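Report on the structure given below.
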Amino acid sequence: MVRALSGLLVACLACATAGDPASPAPTPPPDAVRALQRRPSRATELTTALCDAAGPRLAGSDGETLGVAWALRTLTALGLENVHPEPVEQEPRWARGTESAALTSPRAQPLAVTALGGSPSTPPEGIEAQVLEVTSLEALEALAPGAAAGKIVFANVPMTRRADGSGYGQEAGVRRLAAKAGARAGAVAALIRSVGTDTNRLPHTGGQGVERSMTPAAALAIPDAELLHRLLTQGPVSLRLRLDTRHEAPTVGFNVVGEVTGRERPEELVLLGAHLDSWDLGVGALDDGAGVGVVLDAARALLELPQWPRRTVRVVLFANEENGLAGALAYAKAHAEELPRHVSATEVDSGGDQALGLRVLGGEGARAVVSGWANSFAPHGVEVRDDDAHGGADTGPLLAAGVPMLDVAQDVSRYFDVHHTANDTPAQLDAAQLEQVARSVATLAWLAAEQGGLGRVPEARRGRSR
């Protein structure tokens, strides 16, 4: 890669970009921004290639190993520098075996079910018991000791479809609460209505958080959850649940890192992140193969510019996001001395549909800096928003250290139709929308790395904003 222009062009560009990062942001070179907007994208191709090469990539699995190998090969082939793996100590591996559920009274019928991440097994013969329904998180938390003694708690908490994904933020807590609250009330197992917005007979899996109960826990496909609810309005219902799961020895995974080295301030870093792992039911095309494809395509676009940005753009593909966040914690620990030099962090983990908005959470003046980027995002149909950036699961430890967050907010109206299901495959990708996201992220990476000026997040604002 040729990284230098003629002396005249370098001098002109240096004049255009000189100044302290805390000063009012200089105008980005319009030719670079236009080039990023015009370029053909490979985001869909890269996403599909990961899914086909590695398949499901749950932490500790063979697919995770294949995904890391693919990532190392691909980052190197794209031309990123300093490509390397960073070890991540992961908790005992959880693996899914066979799973089934069926009504036994008032009539027999198989139900579509899947174990929640970390769930223990039932006895080999399964658990048969009456069902006790609760219809809100509040009712689940309010279950009194003994209220569900000998029963299967069924948390029937519907999720609301919203473009901003706020329905997921409000209802996903049912996965973390169901087994613990059920056990406290004496339940022998816990079932939840899948956290999703579809009507397919495909259950959604997901993690239960770090404080897991020893009570078996599973999710019903939404049509079967609705059937169970209707039957319960008519009288007592019993079912049998069988789960065969395994907890195995701890494993070592890897974050994968590569860089577009900054031309003037290579020690200052703009982080683009996505997570490399996925749940095991599908192949993680939307969650988070799409994010991987986007950040790799953005890095490729920067590499193809005649001049790279002033600061280094670091791509981090995180391990173990789905069931532990070990990759995020390992990165923050390994790079603790560098965190004051992280200019910003962006995580792409919202599926494959179009980018709608840009948000920032930084120091004083950060919002004014980003507002000055509005014209650069207008061709993508992306508006600069006034609400704070949230960051992501993997960038949370960086926010805690004061690293400014930049979010590319996507339309997630249909994301939770396939999220954590067997349907999370490349067939769900919309190439035009995913490529619009990739161009938006490339533009954002250029502007953040070229201009800086976002400061540090004040101590009082380093908690999660959602």
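How far, in nm, would the chain grow between residue 386 and residue 413 when pulled straight, counting 0.36 nm per residue and subtracting the alpha carbon separation?
On the way: separation 27, 0.36 × 27 = 9.72 nm, distance 2.11 nm.
Here the answer is 7.6 nm.
Report the one residue of 65, 422, 54 whose Cα lies farthest in the direction of the positive end of the charge dipole of the chain (charges on C-beta: Lys and Arg +1, Asp and Glu -1; origin at the Cα centre).
422
Between residue 357 and residues 5 or more places away or on another chain, which pairs have amide H atoms under 5 Å apart, with H built 1.01 Å from N, and which residues are they?
Under 5 Å from the amide H of residue 357 lie the amide H atoms of 383, 409, each far enough along the sequence or on another chain.
Measuring from the lowest to the highest alpha carbon on each principal axis, how far does the chain reach, largest first, in angstroms?
82, 39, 39
Rounded to the nearest 20 Debye, what is the dipole magnitude of region 103-193 about its Cα centre when Lys and Arg each give +1 and Asp and Glu each give -1 at the C-beta? Spell out each step's value before the answer.
Numbers: 9 positive and 7 negative charges, 23 e Å.
Dipole of region 103-193, to the nearest 20 debye: 100 debye.
Where only protein heavy atoms count, and the probe is 1.4 Å, what is the accessible area per residue for the chain in Å²? Please list the in-between numbers first.
Details: 17530 Å² over 466 residues.
Per-residue accessible area for the chain comes out at 38 Å².
For region 252-377, which whole-number percentage of the solvent-accessible area (1.4 Å probe, protein heavy atoms only) is attributable to carbon and sulfur atoms?
Working: 1650 of 3220 Å².
That fraction is 51 percent.
Counting each DSSP H run of 4 or more residues in the chain as -39500 (n - 2.57), what helix-only mean residue ellipticity at 222 nm follows after dividing by all residues, to the nearest 500 deg cm²/dmol? Intermediate values should be presented prior to the final figure.
Numbers: 15 runs with 146 residues, N = 466.
Value at 222 nm, helices only: -9000 deg cm²/dmol.
In debye, nearest 20, what is the charge dipole magnitude of region 169-250 about its Cα centre with +1 on Lys and Arg Cβ and -1 on Asp and Glu Cβ, if you could check? Please report the intermediate quantities before stating the final value.
Values: 11 positive and 7 negative charges, 40 e Å.
Dipole size: approximately 200 debye.
Out of all DSSP beta bridges with both ends in region 272-416, state the antiparallel percent to the nearest 5. List each step's numbers first, then the result.
On the way: 6 of 15 bridges.
The antiparallel fraction comes to roughly 40 percent.
Counting other Cβ atoms within 10 Å of each Cβ, which GluC sites (Glu not before Pro) in region 191-254 have at most 10 and sit in a DSSP loop?
Details: sites: 211, 226, 248; in loops: 211.
Hits after loop and neighbour filter: 211.
What nm distance separates the two modelled labels at residue 160 and residue 338, each placed 7 Å from Cα along Cα→Cβ?
Inter-label distance under the simple model: 4.1 nm.
Starting from the Cα gyration tensor of region 319-466, multiply each eigenvalue by 5, take the square root, and state the resulting semi-axes largest first in whole Å. Mind showing how you got there, number by number?
On the way: eigenvalues 123, 89, 31 Å².
Calculated on Cα positions only, the semi-axes equal 25, 21, 12 Å.
Rounding to the nearest 20 debye, state how big the charge dipole of region 288-378 is about its Cα centre with +1 on each Lys and Arg Cβ and -1 on each Asp and Glu Cβ.
Numbers: 8 positive and 11 negative charges, 90 e Å.
Here region 288-378 has a charge dipole of around 440 debye.
As I understand it, the dipole of the chain uses +1 on the Cβ of Lys and Arg and -1 on the Cβ of Asp and Glu, about the Cα centre. Which of 106, 434, 317 lies farthest toward its positive end?
Going by the charge dipole, the pick is 106.
Of all DSSP beta bridges located in the chain, what percent are antiparallel, nearest 5? Don't skip to the end; give the middle numbers.
Details: 39 of 67 bridges.
In the chain, approximately 60 percent of DSSP beta bridges are antiparallel ones.
Using only Cα atoms, locate the centre of region 233-287 and the centre of region 131-187, then give the distance between them in Å, rounded to an integer.
Going from one Cα centre to the other spans 24 Å.
What is the spin-label model distance, in nm, from residue 374 to residue 38 if the labels are put 7 Å beyond Cα along the C-beta direction?
2.6 nm
The values are calculated or read from the model by the stated rules, or taken from the named source; none is laboratory data. None of these values were measured; they are calculated from a predicted model. Cβ coordinates were reconstructed from backbone atoms using ideal geometry, including for glycine residues, and neighbour counts include every protein chain displayed. Calculation scope for accessible area: heavy atoms of the full protein, side chains included, ligands and nucleic acids excluded. Shrake-Rupley method; radii C 1.70, N 1.55, O 1.52, S 1.80 Å.
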